[in-house]
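First, the structure itself, so that you have it in front of you.
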Amino acid sequence: MSPALWSLLVLGAVAVLYATELVPLGLAAVLGCVLMVLVGAADFATAFRGFADPVVFLVGGMMVVGEALFATGAARDIGDRLAKLARGDERKLVLLVVLAAAALSAFLNNTGTTAVFLPIVSGLALASPGRIRVANVLMFVAFAANTGGMLTLVGSTPPLLAQAALRNAGFRPFGFFEFALIGLPILAAYLAYVTFFAYPLARRRFAALPAAPALQANAAHNAAPPFKKYAALGVLLLCVALFAAEPIPLALTAILGALLVLLLGCCPARELFSRFDWNTIFLLAGALGMAAALDKSGGGKLVADWALGLLGPRLSPWTFLAVVSAVGILLTQFMSNTATMAMLTPIALSMCRTLNVAPHPVLMALATVTAAAYATPVGTPPNSLVLVAGYRFRDYLLLGGIFNVLVYVLVVLLVPLIWPF
C-alpha cells in the first residue's frame, strides 16, 4: 500500500477517536503521529514536527498568562465590576457580559472566561428577586466566548492551525489581528442577534427554568495581593502591545509573558503545571505533525483529487469555499474545533493547490466556521459548562443553530471580499 493511502487510513482512525473520545484528544493526536511513522507515511522528524512549531509555544505561553489572570482573581474582578454597572438590569447585564466575555476570550482560554461568569451571574440572580435569571444570561456568555475566539490569532486553536499551515507551505501568514476583519462583523451580528431576537426569545422560552441554581466554577475568587492582580493585567497588556507591533516573533512574546507572570509570582509554578491544559498542547502539536505527514505522503493531494473529481473540474473557488465551510461548520458542532480544523486543513490546502486558488480565504473561512460551535452543548466546553442553568439540547439547536446559519452566510459572503481568491 502506498504511503498516501496509509496516511489516510491513519487519519481515518484518528478521526474516529476524535469523534468518539474513547481516549483524550491529545493522546489520539500523538498516537496518530506514531502511527504515521510506523506505517511509513512519514519519518519521525516530519510526524513530530508540530512539537517544535512556534504556534505550540504561542498558545502555551498565552495559556500561562491567562491562568495568571484567573489565579490572581483579576479576571473575576472585571466580572464583578461589570455586574455593578448592570445594577440589576438583566438586559443590560447580558450586553455587558457578552462584550466582556468576547473581549477576554480574544486573548484568554474561552472555557476559563465562561467559568469566571458562572458564579457572578448566579450570585446576581440569587440577590435579585426574579429580576435576573441565570438561564436568560449564561447561554449568551458561552456563545460570546466562542465568538471572541474569532478575533485574534490566539483566540482559539483553529486560527493557529491555519497560521501554521500557511507558514509551513511557504505562504504569507495571517497577522495577529487579521482575524478580526471577519470576527468583528460576526461579533456585531451576534450583538444584534442577542439584543433583538435571542434574548427576548430566551425570556419566554426559559421562564419555567429555575431562577437561580447554585452554580460552581473552577475560577474561584482568590485573595491575591493587588500587586499580583495588576502585574497579571500589565503582562497581558504588554503581550497585546507586542502582538500588535510585532517587534519580536509572536511565539517569543507569549513565552516572555509566561516567564514574567511566573517571575512576578502571579501564579505558583507547581500549581500552574497541575492545572495547565496539556491536552490542548498535545492535540495541537500532534495535529500539526499529522498534517505534515499527510502533505509529505501525498495523502492530502489524493483526497483533493478525489473530491475534485466528485465535485467536477469546473468547480468555482466560491463554491469550493462554501462547500468546505459547510463541512467544517457541521462537524464542529459534534467534534472538537481543533480536531475538525486539523482534519480539514491539509485537505483544503491540497485542493487549493489543485484548483490554483489562494489558500488565505479558504483557511480563514475554515478557522472561523470551526470556531462557530453554537448548535449543540457538546461542540465546545463553554457550551457544556452552562448546562447547569437547565438548558436542553433543543435550546442550543434553536438559539445557537439560527446564529450558526447567520455565521455561515457572513463567512461565505465576506471572506472572499476581504481575502480575494
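The values are calculated or read from the model by the stated rules, or taken from the named source; none is laboratory data. Here the structure is a predicted model, which is why all the values come from computation and not from measurement. A quick note on method: Cβ atoms are made from the backbone with ideal geometry, for glycine too, and the neighbour counts reach across all protein chains shown.
Just need a number here: residues in region 366-421 that are within 14 Å of the chain's Cα centre (by Cα) and assigned to a loop (DSSP other than H, G, I, E, B).
Number of matching residues: 8.
Can you pull out every residue in region 387-421 that is exposed (fewer than 15 other Cβ atoms within 10 Å of the Cβ) and farther than 17 Å from Gln333 by Cα?
Leu413, Leu417, Ile418, Pro420
Determine whether region 137-150 contains at least one residue that is farther than 30 Å from Arg49 by Cα, over 19 Å from the mean Cα position of the chain (by Cα) and of a type outside the set (Gly, Ala, Ser).
Scanning region 137-150 turns up at least one residue that is farther than 30 Å from Arg49 by Cα, over 19 Å from the mean Cα position of the chain (by Cα) and of a type outside the set (Gly, Ala, Ser).
If you don't mind, there's one more thing I want to ask. Would you say Ala162 is modelled with pLDDT under 95, under 17 Å from the mean Cα position of the chain (by Cα) and either closer than 20 Å to Pro346 by Cα or outside any loop (DSSP other than H, G, I, E, B) (or both)? Explain how you work it out, then say what you get.
Working: modelled with pLDDT under 95: yes; under 17 Å from the mean Cα position of the chain (by Cα): yes; either closer than 20 Å to Pro346 by Cα or outside any loop (DSSP other than H, G, I, E, B) (or both): yes.
So Ala162 passes the test.
Looking at Ala42, Ala4, which one is in contact with a Lys or Arg (Cβ under 8 Å, 6 or more places away or on another chain), within 30 Å of Leu331 (Cα to Cα) and not in a helix (DSSP H, G or I)? Reasoning before the result, please.
On the way: Ala4 fails: not in a helix (DSSP H, G or I).
Among Ala42, Ala4, only Ala42 is in contact with a Lys or Arg (Cβ under 8 Å, 6 or more places away or on another chain), within 30 Å of Leu331 (Cα to Cα) and not in a helix (DSSP H, G or I).
Can you tell me which residue among Leu118, Leu108, Leu104 is assigned to a loop (DSSP other than H, G, I, E, B), crowded, with 23+ Cβ neighbours inside 10 Å and out of contact with any Asp or Glu (no Cβ under 7 Å at 6 or more places or on another chain)? Explain how you work it out, then say what you get.
On the way: Leu118 fails: assigned to a loop (DSSP other than H, G, I, E, B); Leu104 fails: assigned to a loop (DSSP other than H, G, I, E, B).
Matching residue, one of Leu118, Leu108, Leu104: Leu108.
Considering each of Thr20, Thr46 in turn, give the residue that is more than 30 Å from Leu124 (Cβ to Cβ), under 22 Å from the mean Cα position of the chain (by Cα) and among the hydroxyl-bearing types (Ser, Thr, Tyr).
Checking each option against the conditions leaves just Thr20.
Give me a count of the residues in region 73-110 that are at pLDDT 85 or above and either of a type outside the set (D, E, K, R) or in contact with a Ser or Thr (Cβ under 9 Å, 6 or more places away or on another chain) (or both).
As a first pass, look at region 73-110 and keep what is at pLDDT 85 or above: 90-107.
Checking which are either of a type outside the set (D, E, K, R) or in contact with a Ser or Thr (Cβ under 9 Å, 6 or more places away or on another chain) (or both) leaves us with 90-91, 93-107.
So the answer is 17.
Quick check, is Ala342 at pLDDT 90 or above and surrounded by 24 or more Cβ atoms within 10 Å (Cβ to Cβ)?
Numbers: at pLDDT 90 or above: no; surrounded by 24 or more Cβ atoms within 10 Å (Cβ to Cβ): yes.
The answer is no for Ala342.
Now for a different question. Of all residues in region 108-148, how many are over 18 Å from Tyr199 (Cα atoms) and in contact with a Phe, Trp or Tyr (Cβ under 6 Å, 6 or more places away or on another chain)?
Number of matching residues: 1.
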